[in-house]
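A.B. asks: I am attaching a structure below and will ask some questions about it afterwards.
The values are calculated or read from the model by the stated rules, or taken from the named source; none is laboratory data. The structure displayed is predicted, hence computed values, not measured ones. Because the Cβ atoms are built from the backbone with ideal geometry, glycine has one as well, and the counts that use them run over all protein chains shown.
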Amino acid sequence: MRKKIGMILGAVLLVAALLAGCGKAPADTAASSQPAAGTTAAAQGNLVVKMLNVGQGDAILIQTPAQTVLIDTSDLDERDKLRQELKKAGVTKIDKVILTHPHADHIGGMEVVLSEFEVKEVYDNGMPSTSKIYLGYMKQLKAKGIAHKALKAGDVLDFGGGASFHVYAPTESHQQEGRQKGYKHDPNNESVVGKLVFGEFAMMFTGDAEKKEEEPIVGGFGGELKAQVLKAGHHGSKTSSSKEFLRAVQPETALISCGAGNDYGHPHKETMKKYKALHLKIFETDKNGTITVSTDGKTYTVTPEQGEQQ
Ligand SMILES: [Zn+2]
């Protein structure tokens with residue numbers, strides 16, 4: 001037995017020596033594509049999530065030890081803020097862009113993202129849309145030859161460096177229905193909902209999913225939804241964050257992306273009341289600016305750009 005282990009060890013060492021000998025060039029290439037200054041925490045083996053302060057809309061940056069991922073791209077008229085925030089975070093290339101649903105406050109900055117950053121892959125909810133912004137970015141994707149895929153419940157995306165994204169919605173059958181002619185779309189409730197997992201840390205991403213979409217997710221995946229951090233559904237609207245969903249996710253912290261004095265009154269006081277009853281730590285981009293969550297896979301910290309938790 002010992003001899004066998006010795007042989008295996010020998011073989012491993014030989015392979016390692018060979019790789020070290022001939023692997024110089026690729027190693028250098030990898031070093032040169034390391035993320036810039038703003039992502040040092042991610043480069044050190046941590047995972048960083050930034051809910052970017054882009055007014056009324058969503059744009060959330062995830063920097064894993066290996067990849068840069070952007071979930072949603074802010075509203076059309078917040079493009080300058082998005083560009084500024086991404087540059088501040090040291091982003092030059094984006095491995096994956098996930099668009100939760102084709103409303104303007106989620107896909108509005110896509111044109112800037114595609115034309116000013118190197119994007120490798122784009123994922124969306126697989127639902128067709130006739131919106132001008134959606135059709136515009138589809139055209140841009142085609143012209144640039146960027147891969148475009150639909151996400152469905154059950155999919156697991158590898159974010160590299162030990163991070164993964166588990167998709168809970170929309171379901172494949174929902175997508176099939178959605179592709180039928182004459183289907184009446186309800187884009188909020190067709191949002192990509194999924195959980196980022198990194199070691200023992202988890203964060204739930206909800207797009208603008210409301211109770212209507214939360215319900216079947218709890219029904220289908222109830223036991224798997226636990227996450228320390230929740231991206232509040234639909235900018236903290238009272239139509240989201242149902243009791244059943246909160247009970248399944250059991251969050252400790254809620255992050256809300258909304259614009260100061262927005263027309264919708266987000267976040268709604270009903271949602272805040274629910275979160276406060278559960279003693280959640282609450283952060284809002286309108287009051288706290290960009291909110292940074294940093295984790296080593298065991299514990300996590302939340303650092304607001306300004307102010308205290310709400
Ligand atoms: Zn929205």
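A.B. asks: So, in the range 111-144, of the ones that are part of a loop (DSSP other than H, G, I, E, B) and in contact with a helix residue (DSSP H, G or I) (Cβ under 9 Å, 6 or more places away or on another chain), which residue ends up surrounded by the most Cβ atoms within 10 Å (Cβ to Cβ)?
C.D. replies: This residue is 125.
A.B. asks: Quick one: which of 121, 111, 172, 200 is free of Cβ contacts under 8 Å to residues at least 24 places away in the same chain and of a type in the set (Asp, Glu)?
C.D. replies: Going through 121, 111, 172, 200 in turn, just one is free of Cβ contacts under 8 Å to residues at least 24 places away in the same chain and of a type in the set (Asp, Glu): 172.
A.B. asks: Let me ask you something else. Only one residue in 173, 242, 237, 191 is under 16 Å from the mean Cα position of the chain (by Cα) and of a type outside the set (Val, Ile, Thr), so which one is that?
C.D. replies: Sole residue among the options that is under 16 Å from the mean Cα position of the chain (by Cα) and of a type outside the set (Val, Ile, Thr): 191.
A.B. asks: Next question. Going through 307, 194, 219, 265 one at a time, which residue ends up being closer than 23 Å to residue 97 by Cα and either within 16 Å of the ligand (Cβ to nearest atom) or modelled with pLDDT of 95 or more (or both)?
C.D. replies: Sole residue among the options that is closer than 23 Å to residue 97 by Cα and either within 16 Å of the ligand (Cβ to nearest atom) or modelled with pLDDT of 95 or more (or both): 194.
So that you can scan it fast, the table gives a plain yes or no per residue for (1) among the hydrophobic types (A, V, I, L, M, F, W, C); (2) over 20 Å from residue 196 (Cα atoms); (3) in contact with a strand residue (DSSP E or B) (Cβ under 8 Å, 6 or more places away or on another chain):
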site	(1), (2), (3)
60	yes, no, yes
68	no, no, yes
71	yes, no, yes
75	no, yes, no
78	no, yes, no
82	yes, yes, no
85	no, yes, yes
92	no, yes, yes
96	no, no, yes
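A.B. asks: Report the residue count in the range 67-90 for those that are more than 15 Å from the chain's Cα centre (by Cα) and outside any helix (DSSP H, G or I).
C.D. replies: Looking only at that region, the number is 3.
A.B. asks: Now a separate question. Sort out which residues of the range 184-212 are over 21 Å from residue 244 (Cα atoms) and touching a strand residue (DSSP E or B) at 6+ places or on another chain (Cβ under 8 Å), and write them in order of number.
C.D. replies: Answer for the range 184-212, where residues must be over 21 Å from residue 244 (Cα atoms) and touching a strand residue (DSSP E or B) at 6+ places or on another chain (Cβ under 8 Å): 197, 198, 199, 201.
A.B. asks: Still on this structure, I have one more. Is it the case, given these coordinates, that residue 126 is at pLDDT 95 or above, more than 16 Å from the ligand (Cβ to nearest atom) and at positive phi?
C.D. replies: So residue 126 passes the test.
A.B. asks: Look through 254, 248 and report the one residue that is assigned to a strand (DSSP E or B) and among the aliphatic types (A, V, I, L, M).
C.D. replies: 254
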